[in-house]
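Structure, as C-alpha coordinates:
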Amino acid sequence: MYTASDLRKGLKVEIDGDPYIVTDFEFSKPGKGQALYRTRLKNMLTGNAFERTFRSNDKFQRAPLEERTMQFLYSQGDEFHFMDNKTFEQITITKEQLGDSINFLIDNMEVDILLFKERPIGVTLPNFVNLVVTKADPWAKGDTSGTDTKPVTVQTGYTLQVPPFIEEGDKLQIDTRTGQYLTRVKE
(Lines give C-alpha, C1' and ligand atoms only; values in the text may rest on other atoms or scores of the structure.)
Protein backbone atom coordinates (compact mmCIF):
# COMPACT_ATOMS: atom_id res chain seq x y z
CA MET A 1 0.00 0.00 0.00
CA TYR A 2 1.35 3.43 -1.00
CA THR A 3 0.59 6.81 0.55
CA ALA A 4 0.59 10.12 -1.32
CA SER A 5 4.09 10.86 0.04
CA ASP A 6 5.38 7.79 -1.89
CA LEU A 7 4.28 9.26 -5.24
CA ARG A 8 7.12 9.87 -7.70
CA LYS A 9 7.67 9.81 -11.44
CA GLY A 10 7.55 6.26 -12.83
CA LEU A 11 5.58 4.77 -9.90
CA LYS A 12 2.88 2.29 -10.97
CA VAL A 13 -0.33 2.30 -8.93
CA GLU A 14 -3.82 0.84 -9.24
CA ILE A 15 -6.73 3.30 -9.19
CA ASP A 16 -10.34 2.16 -9.72
CA GLY A 17 -9.15 -1.27 -10.93
CA ASP A 18 -6.80 0.01 -13.67
CA PRO A 19 -2.99 0.31 -13.64
CA TYR A 20 -1.59 3.86 -13.91
CA ILE A 21 1.93 5.20 -14.16
CA VAL A 22 2.87 8.58 -12.68
CA THR A 23 4.32 10.62 -15.56
CA ASP A 24 4.72 13.95 -13.74
CA PHE A 25 4.76 14.89 -10.08
CA GLU A 26 4.78 18.14 -8.08
CA PHE A 27 4.67 18.65 -4.30
CA SER A 28 3.27 21.80 -2.71
CA LYS A 29 2.63 22.79 0.91
CA PRO A 30 0.17 25.65 1.31
CA GLY A 31 0.44 27.91 4.36
CA LYS A 32 -2.34 26.08 6.19
CA GLY A 33 -3.68 22.60 5.80
CA GLN A 34 -2.39 19.39 4.28
CA ALA A 35 0.33 19.01 1.68
CA LEU A 36 -0.86 18.61 -1.91
CA TYR A 37 0.59 16.21 -4.48
CA ARG A 38 -0.20 17.20 -8.07
CA THR A 39 0.31 14.31 -10.47
CA ARG A 40 -0.16 13.48 -14.12
CA LEU A 41 -1.26 9.86 -14.50
CA LYS A 42 -1.34 7.68 -17.61
CA ASN A 43 -3.60 4.65 -17.88
CA MET A 44 -1.40 1.69 -18.86
CA LEU A 45 -4.31 -0.09 -20.58
CA THR A 46 -5.83 2.71 -22.66
CA GLY A 47 -3.01 5.28 -22.81
CA ASN A 48 -5.34 8.05 -21.58
CA ALA A 49 -3.66 10.66 -19.38
CA PHE A 50 -5.11 13.09 -16.86
CA GLU A 51 -4.07 15.28 -13.95
CA ARG A 52 -5.15 14.64 -10.38
CA THR A 53 -4.31 16.22 -7.02
CA PHE A 54 -3.96 14.07 -3.91
CA ARG A 55 -3.75 14.95 -0.22
CA SER A 56 -1.14 13.53 2.13
CA ASN A 57 -3.57 11.02 3.72
CA ASP A 58 -4.64 9.43 0.36
CA LYS A 59 -3.63 5.79 -0.10
CA PHE A 60 -3.05 3.67 -3.24
CA GLN A 61 -2.73 0.01 -4.08
CA ARG A 62 0.41 -1.21 -5.78
CA ALA A 63 -0.45 -2.19 -9.37
CA PRO A 64 -0.23 -6.01 -9.64
CA LEU A 65 2.16 -5.98 -12.59
CA GLU A 66 4.40 -8.87 -13.58
CA GLU A 67 7.07 -9.02 -16.26
CA ARG A 68 7.83 -12.34 -17.94
CA THR A 69 10.37 -13.30 -20.57
CA MET A 70 8.58 -14.90 -23.51
CA GLN A 71 9.48 -16.09 -26.97
CA PHE A 72 7.75 -14.79 -30.11
CA LEU A 73 6.36 -17.79 -32.01
CA TYR A 74 4.33 -16.55 -34.98
CA SER A 75 1.72 -14.07 -36.16
CA GLN A 76 -1.67 -14.89 -37.61
CA GLY A 77 -3.54 -11.92 -39.04
CA ASP A 78 -3.55 -9.20 -36.38
CA GLU A 79 -2.68 -11.62 -33.56
CA PHE A 80 0.84 -12.33 -32.33
CA HIS A 81 1.55 -15.48 -30.33
CA PHE A 82 4.14 -15.72 -27.55
CA MET A 83 5.25 -18.59 -25.30
CA ASP A 84 6.39 -18.34 -21.68
CA ASN A 85 9.90 -19.82 -21.49
CA LYS A 86 9.30 -21.44 -18.08
CA THR A 87 5.70 -22.72 -18.18
CA PHE A 88 5.36 -23.11 -21.99
CA GLU A 89 1.99 -21.36 -21.68
CA GLN A 90 1.02 -19.38 -24.80
CA ILE A 91 -0.58 -15.94 -24.95
CA THR A 92 -1.89 -13.81 -27.79
CA ILE A 93 -1.29 -10.07 -28.16
CA THR A 94 -3.03 -7.89 -30.74
CA LYS A 95 -1.34 -5.64 -33.29
CA GLU A 96 -2.74 -2.56 -31.50
CA GLN A 97 -1.20 -3.62 -28.17
CA LEU A 98 2.21 -4.14 -29.80
CA GLY A 99 2.27 -0.82 -31.65
CA ASP A 100 5.59 -0.12 -33.39
CA SER A 101 7.17 -3.24 -31.85
CA ILE A 102 5.83 -5.33 -34.76
CA ASN A 103 8.44 -3.69 -37.00
CA PHE A 104 11.22 -5.54 -35.18
CA LEU A 105 9.69 -8.90 -34.15
CA ILE A 106 11.34 -11.96 -35.69
CA ASP A 107 10.64 -15.64 -35.03
CA ASN A 108 12.05 -17.03 -31.76
CA MET A 109 12.97 -13.55 -30.42
CA GLU A 110 12.85 -13.27 -26.64
CA VAL A 111 10.93 -10.26 -25.30
CA ASP A 112 9.73 -9.08 -21.89
CA ILE A 113 5.95 -8.93 -21.63
CA LEU A 114 4.27 -6.81 -18.96
CA LEU A 115 1.16 -8.46 -17.49
CA PHE A 116 -1.62 -6.87 -15.42
CA LYS A 117 -3.71 -9.50 -13.63
CA GLU A 118 -2.45 -12.12 -16.12
CA ARG A 119 -3.46 -9.89 -19.07
CA PRO A 120 -0.68 -8.67 -21.42
CA ILE A 121 -0.48 -4.88 -21.62
CA GLY A 122 2.98 -4.17 -23.03
CA VAL A 123 6.10 -5.56 -24.69
CA THR A 124 9.73 -4.59 -24.19
CA LEU A 125 12.02 -5.59 -27.05
CA PRO A 126 15.79 -5.98 -26.86
CA ASN A 127 17.46 -2.59 -27.50
CA PHE A 128 19.07 -3.83 -30.72
CA VAL A 129 17.99 -6.34 -33.39
CA ASN A 130 19.74 -7.68 -36.47
CA LEU A 131 17.52 -7.75 -39.57
CA VAL A 132 18.25 -8.70 -43.20
CA VAL A 133 17.65 -6.19 -46.01
CA THR A 134 15.09 -7.59 -48.48
CA LYS A 135 14.72 -4.58 -50.77
CA ALA A 136 17.27 -1.89 -51.58
CA ASP A 137 17.60 0.33 -54.62
CA PRO A 138 21.03 0.15 -56.27
CA TRP A 139 23.49 2.92 -55.51
CA ALA A 140 24.90 4.81 -58.48
CA LYS A 141 28.59 5.41 -57.78
CA GLY A 142 29.40 9.08 -58.08
CA ASP A 143 25.81 10.10 -57.35
CA THR A 144 26.16 13.62 -55.96
CA SER A 145 22.51 14.45 -55.42
CA GLY A 146 23.37 15.54 -51.89
CA THR A 147 21.59 12.74 -50.08
CA ASP A 148 23.73 10.35 -48.14
CA THR A 149 20.95 7.93 -47.27
CA LYS A 150 18.49 5.78 -49.14
CA PRO A 151 15.38 3.82 -48.06
CA VAL A 152 15.60 0.04 -47.61
CA THR A 153 13.09 -2.56 -46.47
CA VAL A 154 14.07 -5.26 -43.96
CA GLN A 155 12.65 -8.77 -43.47
CA THR A 156 9.83 -7.59 -41.18
CA GLY A 157 8.55 -5.11 -43.78
CA TYR A 158 9.93 -2.08 -41.91
CA THR A 159 11.43 0.69 -44.08
CA LEU A 160 14.28 2.88 -42.83
CA GLN A 161 17.01 5.22 -44.10
CA VAL A 162 20.54 3.78 -44.42
CA PRO A 163 23.87 4.77 -46.02
CA PRO A 164 23.97 4.27 -49.82
CA PHE A 165 26.43 1.32 -49.73
CA ILE A 166 23.86 -1.01 -48.08
CA GLU A 167 22.61 -3.73 -50.48
CA GLU A 168 20.00 -6.48 -50.50
CA GLY A 169 21.06 -9.41 -48.33
CA ASP A 170 23.08 -7.24 -45.88
CA LYS A 171 22.32 -7.73 -42.20
CA LEU A 172 21.75 -4.49 -40.28
CA GLN A 173 21.76 -3.70 -36.59
CA ILE A 174 18.77 -1.48 -35.74
CA ASP A 175 17.97 0.35 -32.49
CA THR A 176 14.41 -0.74 -31.56
CA ARG A 177 13.87 2.37 -29.40
CA THR A 178 14.41 4.82 -32.28
CA GLY A 179 14.00 2.60 -35.36
CA GLN A 180 17.29 3.88 -36.77
CA TYR A 181 20.14 2.08 -38.54
CA LEU A 182 23.26 1.58 -36.38
CA THR A 183 25.71 -0.55 -38.34
CA ARG A 184 26.10 -3.34 -40.86
CA VAL A 185 26.65 -6.72 -39.20
CA LYS A 186 29.45 -8.94 -40.50
CA GLU A 187 28.51 -12.62 -40.71
> Lysine pairs in the chain 8 or more apart or on different chains: how many have alpha carbons under 17 angstrom apart?
Replying inline: 10
>> Test of the criteria: in segment 80-136, which GluC sites (Glu not before Pro) are in a DSSP loop and have at most 15 other Cβ atoms within 10 angstrom of their Cβ?
In response: Glu89, Glu118
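So what's the net charge close to Ile21: Lys and Arg +1, Asp and Glu -1, counting the other residues with Cβ under 12 Å from its Cβ? Walk me through the numbers on the way to the answer.
Working: positive: Arg8, Lys9, Lys12, Arg40, Lys42; negative: Glu14, Asp18, Asp24.
Its environment carries a net charge of +2.
For segment 34-187, what % of the accessible area comes from carbon and sulfur atoms, probe 1.4 Å?
Values: 4220 of 9390 Å².
Here it works out to 45 percent.
Can you tell me the order of 35-43, 99-107 when each peptide is scored by its average per-residue count of other Cβ atoms within 10 angstrom, highest first? Working shown, then result.
Working: 35-43: 17.2, 99-107: 15.6.
Final packing ranking: 35-43, 99-107.
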> Can you give me the Cα centroid spacing of segment 67-141 and segment 27-45 in angstrom?
Replying inline: 37 Å
>> How far apart, in nanometres, would the label points at Arg184 and Asp78 be if each is projected 7 angstrom from Cα along the Cα-to-Cβ direction?
In response: 3.9 nm
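Is it possible to state the helix-based mean residue ellipticity at 222 nm for the chain, with each DSSP H run of 4+ residues giving -39500 (n - 2.57), the sum divided by total residues, to the nearest 500 deg cm²/dmol? What is it? Present the calculation step by step, with values, prior to reporting the outcome.
On the way: 1 runs with 4 residues, N = 187.
That calculation yields -500 deg cm²/dmol at 222 nm.
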> For the charge dipole of the chain, defined by +1 on Lys and Arg C-beta atoms and -1 on Asp and Glu C-beta atoms about the Cα centroid, which residue among Val185, Val154, Gly122 has the Cα displaced farthest towards the positive pole?
Replying inline: Gly122
> For the chain, with the dipole built from +1 on Lys and Arg beta-carbon atoms and -1 on Asp and Glu ones, taken about the Cα centre, which of Phe27, Leu45, Met109 lies farthest toward the positive end?
Replying inline: Phe27
>> Can you match Cα extents along the principal axes in Å to one of these, [x] 58, 45, 31; [y] 74, 46, 26; [z] 45, 42, 34, based on a calculation from the structure here?
In response: [y]
>> Once you keep just the Cα pairs under 8 angstrom separated by 6 or more residues, what percentage relative contact order results for the chain?
In response: 14 percent
> How large is the charge dipole for segment 16-58, taken about the Cα centre, if only the Cβ atoms of Lys, Arg (+1) and Asp, Glu (-1) carry charge, to the nearest 20 debye?
Replying inline: 240 debye
> Between Arg55 and Lys171, what is the label-to-label distance in nm when each label sits 7 Å out along the Cα-to-Cβ direction?
Replying inline: 6.2 nm
> Near Lys95, within a Cβ-to-Cβ distance under 11 Å, what is the net charge of the other residues, with Lys and Arg +1 and Asp and Glu -1?
Replying inline: -4
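The values are calculated or read from the model by the stated rules, or taken from the named source; none is laboratory data. These figures come from a predicted structure and were not determined experimentally. For neighbour counting, all protein chains shown are included, and Cβ atoms are generated from backbone atoms with ideal geometry for every residue, glycine included. The accessibility values were calculated without ligands, DNA or RNA, using every heavy atom of the protein model including side chains. Shrake-Rupley method; radii C 1.70, N 1.55, O 1.52, S 1.80 Å.
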